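Peer 1: Let me begin by handing over the structure; questions about it come next.
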Amino acid sequence: MAVRRPSLTPPRARLHKTRRALHRARTGLRRSAVDYFRGGVSDWLAFSALLLTVPALTVLTVVVPLWAAPEALVMPLIAGGLLLRPASLLALYASAAVALIVESALLGPYEDGAGRVTPGTILVVATAGLFGLLVAQFRSRVGVPWRRGGTMLFDLRERIRVQSKLPRLPRGWHREMALRPAGGQSFSGDFVVAARTGPGERTLEVVLTDVSGKGMDAGSRALLLSGAFGGLLGSLPPHAFLPAANGYLLRQDWQEGFATSVHLVLDLDSGDYELFSAGHVPALQRGAGTGKWEEKSGEGPLLGVYEGAQFDPVKGTLLKGDVLMLFTDGLVETSERDLSDGIDRLTGEADRHVATGFHGAAWHLIETVARDVNDDRALLLLCRG
């Protein structure tokens, strides 16, 4: 037998309905704001607000010209250049022109004193309108409203970050990565793709790539390559990955189409690994028994230079306590420091983190060794505990 819920008293029922109505209104307003920010709705709201701003500024200029100069009309014009489509922007400009005519008629000739509409006022307002129209036309040609443009850049940055995330490793393994774009930008030409492959996912494959260029200039190519390399990783045998990546770059026919890359294939049970290199700086392995760093580098040319390139791996084993470090040339090589000196400095600083098991070492090494370097820097650490 169903149990009937007790009915609410009339005051409580009205209060409940009011709260539900407020919740629906708040939710609808939030969704509208998000849609507007993403550029998914019409610009009528912004156009209406800016169109009402023009007569408001006109009244203020006529009433209190000392505090509201005629040049104040550039404010809605600048905002319109960022918010409105070209057609709506022209209507806003027409209203601003009418406002200047009204102000000039009511304030009198500019020869009568300050606070009038002068030829300089018209020039300033017209210049602001011209630049606003150029910005609006550029956005219209690109097809991305300014509100959506910032969101797209944020999405691109997050996609690179997610694609560079390293998978979890079984007990006894520690991994970490740090990446610093050139000039403090959000986009980098260095990226990492990684996956656990093979039977039982007992093999770790990591690809660290350095795209030609740096910062924002290389960010778009890095995003495209990271998606392509992520799709190839695990879908091909390890020895076929770099040849396939090389063919992919050649097909892009970029003016700056080359890249360096290092591909690590690590058996998480035995610690045996193969390291394939495409013109990349050597990796470094520290033996727990000797305490010395040894360079590890396969043989192979840059990616995207010529067809039929061969990539021969170097083999090694990570024993308990050993550390393997992969990095890009921005970390160790500058115009004032050659590669060998940079590697010596890097290994010297890395030895300071032996006692802590290299936890948090990747970020500190970049900050210590190459903090002010105007180049993309990436560092990957793998430790077997």
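The values are calculated or read from the model by the stated rules, or taken from the named source; none is laboratory data. Note that the structure is predicted; figures quoted are calculated from it, not measured. Glycine also receives a Cβ, built like all others from the backbone with ideal geometry; neighbour counts cover every protein chain displayed. These accessible areas exclude ligands, DNA and RNA; they are computed on the full protein's heavy atoms, side chains included. Shrake-Rupley method; radii C 1.70, N 1.55, O 1.52, S 1.80 Å.
Peer 1: Residues to consider are Thr334, Thr356; find the one that is under 27 Å from the mean Cα position of the chain (by Cα) and open to solvent by 10 Å² or more (accessible area, probe 1.4 Å).
Peer 2: Details: Thr356 fails: under 27 Å from the mean Cα position of the chain (by Cα).
Exactly one residue qualifies, and that residue is Thr334.
Peer 1: Do you know which residues across the range 92-109 are part of a helix (DSSP H, G or I), open to solvent by less than 20 Å² (accessible area, probe 1.4 Å) and touching a Lys or Arg at 6+ places or on another chain (Cβ under 9 Å)?
Peer 2: Scanning the range 92-109 gives a single hit, Glu103.
Peer 1: The conditions are (1) modelled with pLDDT of 85 or more; (2) β-branched (Val, Ile, Thr); (3) open to solvent by 60 Å² or more (accessible area, probe 1.4 Å), and Val62 fails exactly one of them. Which is it?
Peer 2: (3)
Peer 1: Let me ask something else. Name the residues in the range 187-198 that are open to solvent by 10 Å² or more (accessible area, probe 1.4 Å), of a type outside the set (D, E, K, R) and closer than 21 Å to Phe276 by Cβ, would you?
Peer 2: Ala194, Ala195, Thr197, Gly198, listed by residue number.
Peer 1: So how many residues does the range 296-332 have that are of a type outside the set (Asp, Glu) and in a loop (DSSP other than H, G, I, E, B)? Explain how you work it out, then say what you get.
Peer 2: Residues of the range 296-332 that are of a type outside the set (Asp, Glu), as a first pass: 296-298, 300-306, 308-311, 313-321, 323-328, 330-332.
From what is left, the residues that are in a loop (DSSP other than H, G, I, E, B) are 297-298, 300-302, 304-306, 308-311, 313, 318-321, 328, 332.
Total meeting the criteria: 19.
Peer 1: Go through the range 257-282 and give me each residue that's open to solvent by 50 Å² or more (accessible area, probe 1.4 Å) and in contact with a Lys or Arg (Cβ under 8 Å, 6 or more places away or on another chain).
Peer 2: Hits for the range 257-282 are Asp267, Asp269, Asp272, Glu274.
Peer 1: For the range 247-256, give me the residue count where each residue is touching a residue at least 24 places away in the same chain (Cβ under 8 Å) and open to solvent by 60 Å² or more (accessible area, probe 1.4 Å). First the steps, then the outcome.
Peer 2: Taking the range 247-256 as the starting set, the residues that turn out to be touching a residue at least 24 places away in the same chain (Cβ under 8 Å) are 247, 249-250, 252, 254, 256.
Applying the additional criterion that residues be open to solvent by 60 Å² or more (accessible area, probe 1.4 Å) yields 254, 256.
Residues flagged as touching a residue at least 24 places away in the same chain (Cβ under 8 Å) and open to solvent by 60 Å² or more (accessible area, probe 1.4 Å) within the range 247-256 amount to 2.
Peer 1: Something else: When the residues of the range 225-246 are filtered to those that are open to solvent by 40 Å² or more (accessible area, probe 1.4 Å) and without any contact (Cβ under 8 Å) to a residue 12 or more places away in the chain, which remaining residue is farthest from Leu266 (Cα to Cα)?
Peer 2: Within the range 225-246, the match that is farthest from Leu266 (Cα to Cα) is Gly231.
Peer 1: Here are the criteria: (1) within 30 Å of Pro237 (Cα to Cα); (2) open to solvent by less than 30 Å² (accessible area, probe 1.4 Å); (3) in contact with an Asp or Glu (Cβ under 7 Å, 6 or more places away or on another chain). Tell me which single one Asp312 does not satisfy.
Peer 2: (2)
Peer 1: Only one of these conditions is not met by Trp67: (1) at pLDDT 75 or above; (2) surrounded by fewer than 17 Cβ atoms within 10 Å (Cβ to Cβ); (3) not in a loop (DSSP other than H, G, I, E, B). Which number is it?
Peer 2: (3)
Peer 1: Thr356: part of a loop (DSSP other than H, G, I, E, B) and of a type in the set (Ser, Thr, Tyr), yes or no? Even if it seems obvious, please write down each step before you answer.
Peer 2: Details: part of a loop (DSSP other than H, G, I, E, B): yes; of a type in the set (Ser, Thr, Tyr): yes.
For Thr356, the condition - part of a loop (DSSP other than H, G, I, E, B) and of a type in the set (Ser, Thr, Tyr) - is met.
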